[in-house]
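Colleague: Here's a structure for you.
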Amino acid sequence: MYHHQELEKKWQKRWQDSNLYRTGTDFNKAKYYVLDMFPYPSGEGLHVGHPKGYIATDILARLRLMQGYNVLHPMGWDAFGLPTENYAIKNKIHPQESTTKNIATFKRQLKVLGLAYDWSREINTTDPSYYRWTQWTFLQMWKKGLAYESFAPINWCPSCQTGLANEDLEDGKCERCGSLIEQKPMRQWVLKITDYAERLLDDLDKLPGWEKSIKEMQRNWIGRSVGAEIEFKVKSNDLSNLTATKNLRVFTTRIDTIFGCTYLVLAPEHPLLEELKDQIKNWSVVEKYLQQVKNKTDLQRTDLNKEKSGVQLEGLQAINPFNQEALPIFIADYVLNSYGTGAIMAVPAHDQRDWEFAQKYQLEIRSVIKAPKSFTAKIYKGEGELENSGKFSGLNSLQARQQLLTYLEKNKIGQKKINYKLKDWVFSRQRYWGEPIPLIHCSKCGVVSVPEEELPVRLPEVESYAPTGTGESPLAAIDDWVQTTCPKCGGSAQRETNTMPQWGGSCWYYLRYIDPHNNSVLVDKKKEKYWSPVDFYVGGAEHATRHLIYARFWHKFLYDIGAVNYDEPFLRLQHVGLIMAQDGRKMSKRWGNVINPDEIVERFGADALRVYEMFMGPFDQAISWDTNGLIGTRKFLEKVERLFANFEILGEKVVQDDEKLLRILHQTIKKVEEDIESFNFNTAISALMILVNKLTIYHQKNNLSALTIKTNQFLLQILAPFAPHLSEELWEKLGNKESIFKSSWPQYNSELIKNKTINLVIQINGKLRTTLEVSADISQEEAWKIVQDDQAIKKWLTGKKVIKNIFVPGRLLNIVIK
RNA sequence: GCCGCGGUGGCGGAACUGGUAGACGCGCUGGACUUAAAAUCCAGUUGUAGUAAUACAGUGCGGGUUCGAUUCCCGCCCGCGGCACCA
């Protein structure tokens with residue numbers, strides 16, 4: 001037993017008093033930047049799942065510290081956001097006030113875990129000295145035309161009363177509150193992230209240190225598809241021999257199926273509809289359909305199971321530019337106005353959706369790609385040899401696409417086109433608790449930026465935080481804040497009253513840790529060059545398509561304007577697997593299954609919690625909490641403590657290092673070091689347990705330590721990143737004056753770790769029959785000699801013919817018999 | 001539907017590059033210590049048969065390659081995550 005409460009407090013105080021984790025400033029040393037995704041300080045405080053990632057980075061940071069690196073390992077708060085604001089509305093408490101309170105709670109909870117953060121670099125996104133630079137970057141984007149005002153319909157959450165970005169939706173619902181999202185035309189500030197789509201996609205290849213799954217999620221989200229835009233002429237029936245009335249562009253990835261196009265479909269919102277209204281003979285039917293579509297929610301509209309519906313635009317025809325065929329035109333809500341050109345060429349023979357539609361409205365289905373003989377289903381979606389395609393028949397899909405494209409471009413009826421699913425980032429929110437957008441509207445000069453030296457534009461005090469619901473932020477009601485003078489002409493003008501989304505401040509916080517108190521630039525260039533990029537970044541996978549795309553975009557922009565020296569912010573990325581409750585569900589107040597880390601630390605100690613969370617299973621996997629498992633790791637720490645307690649009593653005895661145990665020790669040093677680097681903490685701890693078990697057994701049998709004090713200290717050093725408090729205590733007990741984290745990580749002896757003897761596996765026809773303890777460098781001949789005389793093997797060989805021996809040096813001998 | 005990840009004892013999980021499947025921990029069983037309990041320590045713990053030595057089976061299912069497959073290939077099933085009328 002050891003008294004974790006006083007012991008842990010003692011060391012936490014000492015670390016703090018000695019500034020042990022203050023970031024080094026000697027730029028001649030190698031650097032290592034380990035970063036956690038900073039938390040949103042909610043009112044509920046932490047549960048045991050939250051710190052899992054922080055413990056992991058802490059272990060890595062401590063290893064790097066002992067290896068002699070300058071380590072940057074900071075923490076801060078992503079504190080703007082809706083829950084705090086909603087809390088303010090309900091309880092009339094200023095968001096700043098509850099934010100301050102929540103941060104204090106979080107910080108206390110993190111501190112009792114003994115995390116090695118450099119708190120002198122703490123940042124907070126709601127601090128004006130921080131958001132000044134968020135605003136500054138926004139202005140730079142605005143100046144480059146990357147931030148623009150849009151009046152297009154956007155996602156509107158009727159419950160949160162604000163516009164949202166595509167990334168903020170889940171299944172057509174608000175990610176925050178679950179309300180169904182509506183489309184609402186509104187004035188919005190939008191960031192042109194699509195300008196960066198290609199780089200965001202291509203540069204993923206520069207990040208071998210990112211998990212495949214997260215890169216895939218980003219690729220999916222960016223959604224690049226290569227195809228062609230083709231121009232059809234739209235003619236009125238009455239004037240079919242006259243010139244075309246309008247041009248209509250469609251986007252397709254399968255131009256090789258163009259001869260199979262038997263009709264065209266427009267999205268119901270397509271602008272051409274309004275333009276050709278007069279020539280559409282069944283306009284009243286069309287109008288009715290449009291009304292029906294309008295009444296559907298987005299969720300209903302995109303329901304894959306629903307039957308396709310649409311209406312033909314009677315009186316209009318489209319001309320296929322490749323064969324001059326006149327085709328009917330439909331509107332149908334299975335075509336989205338927001339993707340491509342909002343219009344498609346329908347090829348029912350080779351597209352599931354077009355096929356369904358054609359079936360319903362009895363349209364021609366014309367095969368233009370030969371299906372393989374083995375193909376039995378109705379719709380062949382694959383590639384192949386073209387048929388019924390004029391002079392292009394006989395080509396394969398790939399050749400056809402190239403030739404058709406050439407034809408398109410030569411005849412100026414279209415061109416190659418790349419489309420992305422990624423949409424520009426709707427960047428304004430009609431809420432209070434966010435960074436004000438630093439722009440001014442002047443009736444004479446238009447939109448004018450707040451001069452940089454006047455930044456930050458501070459959030460004003462308001463009476464009510466409640467959203468107005470009119471599409472205006474609560475800031476709009478603060479007249480003496482809104483009314484200002486135009487920086488350009490000096491005339492009266494109004495401030496922009498929208499605020500930035502929660503994701504704004506987190507786009508660049510990792511840069512600010514590098515230089516958190518700089519008042520003249522976002523980050524000092526020299527410091528940035530030294531510390532950037534982040535070497536290791538750890539956080540939840542739920543950020544794969546939000547924060548991690550936004551931050552990469554923001555960073556690339558900063559790179560383009562010369563503010564940072566490399567165009568990717570995070571070299572290595574690792575996602576944390578959730579800790580679920582014991583019942584297998586997510587830990588949540590709602591289910592009443594939350595485990596508070598404070599209680600665990602109180603009862604079992606921070607070290608036990610740390611070791612347990614790392615030992616539970618693979619780091620990136622979701623695993624259920626089990627307090628029994630935690631007791632196991634606590635017992636392990638007590639075992640370590642006992643080992644050294646007895647050591648003290650027996651300390652005077654002169655011992656020599658036991659060679660076998662010394663070998664295991666050095667193997668463990670290697671294993672622990674490598675496993676920390678690869679985030680396989682569970683196996684690192686398992687190795688430590690094996691070592692401690694062996695030392696304990698030796699200790700008990702011989703009533704003395706297997707190793708000298710000096711070698712025994714290695715054990716404490718490799719345990720220290722996991723269980724820093726106990727390791728410090730025992731380290732001190734052994735007579736060390738300085739912190740264990742000022743000692744150097746032990747070097748394993750690569751000669752020593754080689755096993756001298758091995759258990760040679762003897763197989764017969766691949767089946768294990770026996771093992772022999774032999775010298776590690778035994779030759780095949782020697783092994784064969786021994787094996788033939790072995791009783792266990794002899795009986796298998798009698799009456800059989802040995803065909804051959806397969807020998808894997810240092811491992812096995814397999815005898816193949818017949 | 002598409003993409004990614006996974007499926008191993010009662011449980012969490014381990015296994016290098018194709019080479020002893022089940023490390024380590026939890027739980028359980030038996031034992032030592034104790035007046036007793038806790039703690040600690042020892043032994044056992046994939047299944048079947050056997051006192052045992054040992055044998056056979058065994059890593060979601062069915063095939064294949066190989067001297068040898070949890071690992072590689074083909075075809076499925078199930079679970080998790082992401083995307084999704086994206087043309």
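The values are calculated or read from the model by the stated rules, or taken from the named source; none is laboratory data. For clarity, every value in this text was computed on a predicted model and none was experimentally measured. Counting neighbours? That spans all protein chains shown, and the Cβs are built from the backbone with ideal geometry, glycine included.
Colleague: Hey, A:Phe330 hits all of (1) away from RNA strand B (no atom under 11 Å from the Cβ); (2) in contact with a Phe, Trp or Tyr (Cβ under 9 Å, 6 or more places away or on another chain); (3) more than 23 Å from A:Leu248 (Cα to Cα) but one; which does it fall short on?
Modeller: (3)
Colleague: Still on this model: Can you find a residue in the stretch A:484-495 that is in contact with a strand residue (DSSP E or B) (Cβ under 7 Å, 6 or more places away or on another chain), part of a loop (DSSP other than H, G, I, E, B), aliphatic (A, V, I, L, M) and buried (at least 19 other Cβ atoms within 10 Å of the Cβ)? Talk me through it step by step, then tell me what you get.
Modeller: Filtering the stretch A:484-495 down to residues in contact with a strand residue (DSSP E or B) (Cβ under 7 Å, 6 or more places away or on another chain) leaves A:484-489, A:491-495.
If we keep only those that are part of a loop (DSSP other than H, G, I, E, B) as well, we get A:486-489, A:491.
This time we only want the ones that are aliphatic (A, V, I, L, M), so: none.
Within the stretch A:484-495 (the criterion being in contact with a strand residue (DSSP E or B) (Cβ under 7 Å, 6 or more places away or on another chain), part of a loop (DSSP other than H, G, I, E, B), aliphatic (A, V, I, L, M) and buried (at least 19 other Cβ atoms within 10 Å of the Cβ)), the answer is no, since none of the residues qualifies.
Colleague: Please state which of the following conditions A:Arg176 fails to meet, knowing it meets all the rest: (1) within 18 Å of A:Met500 (Cβ to Cβ); (2) buried (at least 21 other Cβ atoms within 10 Å of the Cβ); (3) modelled with pLDDT under 90.
Modeller: All conditions are met except number (2).
Colleague: Within the stretch A:253-266, track down each residue that is surrounded by 23 or more Cβ atoms within 10 Å (Cβ to Cβ) and within 9 Å of RNA strand B (Cβ to nearest atom).
Modeller: Across the stretch A:253-266, the qualifying residues are A:Ile255, A:Thr257, A:Val265.
Colleague: Also, quick follow-up: Does the stretch A:138-156 include one or more residues that are of a type in the set (D, E, K, R) and within 16 Å of RNA strand B (Cβ to nearest atom)?
Modeller: Initially, the stretch A:138-156 is screened for residues of a type in the set (D, E, K, R), giving A:143-144, A:149.
Those still in the list that are within 16 Å of RNA strand B (Cβ to nearest atom) too: none.
No, there is no match, as no residue in the stretch A:138-156 is of a type in the set (D, E, K, R) and within 16 Å of RNA strand B (Cβ to nearest atom).
Colleague: Please count how many residues of the stretch A:346-355 are within 7 Å of RNA strand B (Cβ to nearest atom) and not in a loop (DSSP other than H, G, I, E, B).
Modeller: 1
Colleague: Within the stretch A:144-156, can one find any residue that is under 28 Å from A:Arg458 (Cβ atoms), outside any loop (DSSP other than H, G, I, E, B) and under 24 Å from the mean Cα position of the chain (by Cα)?
Modeller: Scanning the stretch A:144-156, I find no residue that is under 28 Å from A:Arg458 (Cβ atoms), outside any loop (DSSP other than H, G, I, E, B) and under 24 Å from the mean Cα position of the chain (by Cα), so the answer is no.
Colleague: Moving on to the next point. Return the total of residues in the stretch A:356-392 being away from RNA strand B (no atom under 15 Å from the Cβ) and not hydrophobic (A, V, I, L, M, F, W, C).
Modeller: Final tally of qualifying residues: 13.
Colleague: Mind telling me which of the residues A:Gly471, A:Gly434 ends up being part of a loop (DSSP other than H, G, I, E, B), within 21 Å of A:Tyr130 (Cα to Cα), out of contact with any helix residue (DSSP H, G or I) (no Cβ under 8 Å at 6 or more places or on another chain) and in contact (Cβ under 8 Å) with a residue 24 or more places away in the chain? Reasoning before the result, please.
Modeller: On the way: A:Gly471 fails: within 21 Å of A:Tyr130 (Cα to Cα).
After ruling out the rest, the residue left standing is A:Gly434.
Colleague: Follow-up. Please list, ordered by first then second residue, the pairs with beta carbon atoms under 6 Å, 6 or more apart or interchain, first in the stretch A:312-338 and hydroxyl-bearing (Ser, Thr, Tyr), second surrounded by fewer than 20 Cβ atoms within 10 Å (Cβ to Cβ).
Modeller: If the second residue must be surrounded by fewer than 20 Cβ atoms within 10 Å (Cβ to Cβ), the pairs left are A:Tyr334/A:Lys308; A:Tyr334/A:Arg353.
Colleague: Pairs please, first residue from the stretch A:352-377 and within 24 Å of A:Ser393 (Cβ to Cβ), second anywhere and part of a loop (DSSP other than H, G, I, E, B) and aromatic (Phe, Trp, Tyr), Cβ atoms under 7 Å, 6+ apart in sequence or on different chains.
Modeller: Listed by first residue and then by second, the contacts come to A:Ile369/A:Tyr380; A:Ala371/A:Tyr380.
Colleague: Filter the stretch A:43-89 for residues that are of a type in the set (Val, Ile, Thr) and modelled with pLDDT under 95; which is farthest from A:Phe679 (Cα to Cα)? Show your work before the answer.
Modeller: Kept after step one, since they are of a type in the set (Val, Ile, Thr), are these residues of the stretch A:43-89: A:48, A:55, A:57, A:59, A:71, A:84, A:89.
Now narrow it down to the ones that are modelled with pLDDT under 95: A:48, A:84, A:89.
Values: A:Val48: 19, A:Thr84: 34, A:Ile89: 43 Å.
Among residues in the stretch A:43-89 that are of a type in the set (Val, Ile, Thr) and modelled with pLDDT under 95, the one farthest from A:Phe679 (Cα to Cα) is A:Ile89.
Colleague: Using the structure shown, decide if A:Glu287 is within 15 Å of RNA strand B (Cβ to nearest atom) and on the phi < 0 side of the Ramachandran plot. Steps first, please.
Modeller: On the way: within 15 Å of RNA strand B (Cβ to nearest atom): no; on the phi < 0 side of the Ramachandran plot: yes.
When the stated conditions are applied, A:Glu287 does not pass them.
Colleague: OK, next. What helices (runs of 4 or more DSSP H) completely inside the stretch A:217-305 contain at least 1 residues that are aromatic (Phe, Trp, Tyr)? Show your work before the answer.
Modeller: Details: elements: A:271-275, A:283-295, A:298-301.
In the stretch A:217-305, the matching helices (runs of 4 or more DSSP H) lie at A:283-295.
Colleague: For the stretch A:157-173, enumerate the residues that are touching a residue at least 40 places away in the same chain (Cβ under 8 Å), surrounded by 13 or more Cβ atoms within 10 Å (Cβ to Cβ) and either farther than 26 Å from A:Pro83 by Cβ or within 27 Å of the chain's Cα centre (by Cα) (or both). Write out each step before concluding.
Modeller: First pass over the stretch A:157-173, keeping only residues touching a residue at least 40 places away in the same chain (Cβ under 8 Å): A:160-168, A:171-173.
Subset that is surrounded by 13 or more Cβ atoms within 10 Å (Cβ to Cβ): A:160-168, A:172-173.
Within the stretch A:157-173, A:Cys160, A:Thr162, A:Gly163, A:Leu164, A:Ala165, A:Asn166, A:Glu167, A:Asp168, A:Gly172, A:Lys173 qualify.
Colleague: Of all residues in the stretch A:520-551, which are within 16 Å of RNA strand B (Cβ to nearest atom) and either closer than 16 Å to A:Gly505 by Cα or in a loop (DSSP other than H, G, I, E, B) (or both)? Spell out the reasoning first.
Modeller: Residues of the stretch A:520-551 that are within 16 Å of RNA strand B (Cβ to nearest atom), as a first pass: A:539-550.
If the condition is that a residue be within 16 Å of RNA strand B (Cβ to nearest atom) and either closer than 16 Å to A:Gly505 by Cα or in a loop (DSSP other than H, G, I, E, B) (or both), then A:His543, A:Ala544, A:Thr545, A:Arg546, A:His547, A:Leu548, A:Ile549, A:Tyr550 are the ones that fit.
Colleague: Another question about this same structure. Please indicate, with yes or no, whether at least one residue in the stretch A:532-546 is more than 26 Å from A:Asp424 (Cβ to Cβ) and touching a Ser or Thr at 6+ places or on another chain (Cβ under 8 Å).
Modeller: Among the residues of the stretch A:532-546, at least one is more than 26 Å from A:Asp424 (Cβ to Cβ) and touching a Ser or Thr at 6+ places or on another chain (Cβ under 8 Å), which makes the answer yes.
Colleague: Hey, another quick one. Sort through A:Lys391, A:Lys412, A:Lys360 and tell me the only one that's within 29 Å of A:Thr194 (Cβ to Cβ), among the basic types (Lys, Arg) and surrounded by fewer than 15 Cβ atoms within 10 Å (Cβ to Cβ). Walk me through how you get there before you give the answer.
Modeller: Values: A:Lys391 fails: within 29 Å of A:Thr194 (Cβ to Cβ); A:Lys360 fails: within 29 Å of A:Thr194 (Cβ to Cβ).
Every option except A:Lys412 fails the conditions.
Colleague: Sticking with this one: Filter the stretch A:174-211 down to residues that are without any contact (Cβ under 8 Å) to a residue 24 or more places away in the chain and acidic (Asp, Glu) and give me whichever is nearest to RNA strand B (Cβ to nearest atom).
Modeller: If we take residues in the stretch A:174-211 being without any contact (Cβ under 8 Å) to a residue 24 or more places away in the chain and acidic (Asp, Glu), then A:Glu175 is nearest to RNA strand B (Cβ to nearest atom).
Colleague: Applying the selection to the stretch A:1-26, what residues are within 16 Å of RNA strand B (Cβ to nearest atom) and either of a type outside the set (Phe, Trp, Tyr) or in contact with a strand residue (DSSP E or B) (Cβ under 7 Å, 6 or more places away or on another chain) (or both)? So that I can check it myself, show each step before the final result.
Modeller: In the first step, residues of the stretch A:1-26 are kept if they are within 16 Å of RNA strand B (Cβ to nearest atom); the result is A:1-4.
The answer is A:Met1, A:His3, A:His4.
Colleague: Within the stretch A:1-120, which helices (runs of 4 or more DSSP H) (wholly inside it) include 2 or more residues that are within 30 Å of A:Thr468 (Cα to Cα)? Spell out how you get there, then give the answer.
Modeller: Values: elements: A:4-17, A:52-66, A:82-91, A:95-111.
Those helices (runs of 4 or more DSSP H) span A:82-91, A:95-111.
Colleague: Only one residue in A:Asn749, A:Asn805 is away from RNA strand B (no atom under 16 Å from the Cβ) and at negative phi. Which one?
Modeller: On inspection, the qualifying residue turns out to be A:Asn749.
Colleague: When you go through A:Lys277, A:Lys206, A:Lys212, A:Lys233 one by one, which is the residue that is at pLDDT below 95 and touching a Pro at 6+ places or on another chain (Cβ under 8 Å)?
Modeller: Numbers: A:Lys277 fails: touching a Pro at 6+ places or on another chain (Cβ under 8 Å); A:Lys206 fails: touching a Pro at 6+ places or on another chain (Cβ under 8 Å); A:Lys212 fails: touching a Pro at 6+ places or on another chain (Cβ under 8 Å).
A:Lys233 is the lone residue from the list that is at pLDDT below 95 and touching a Pro at 6+ places or on another chain (Cβ under 8 Å).
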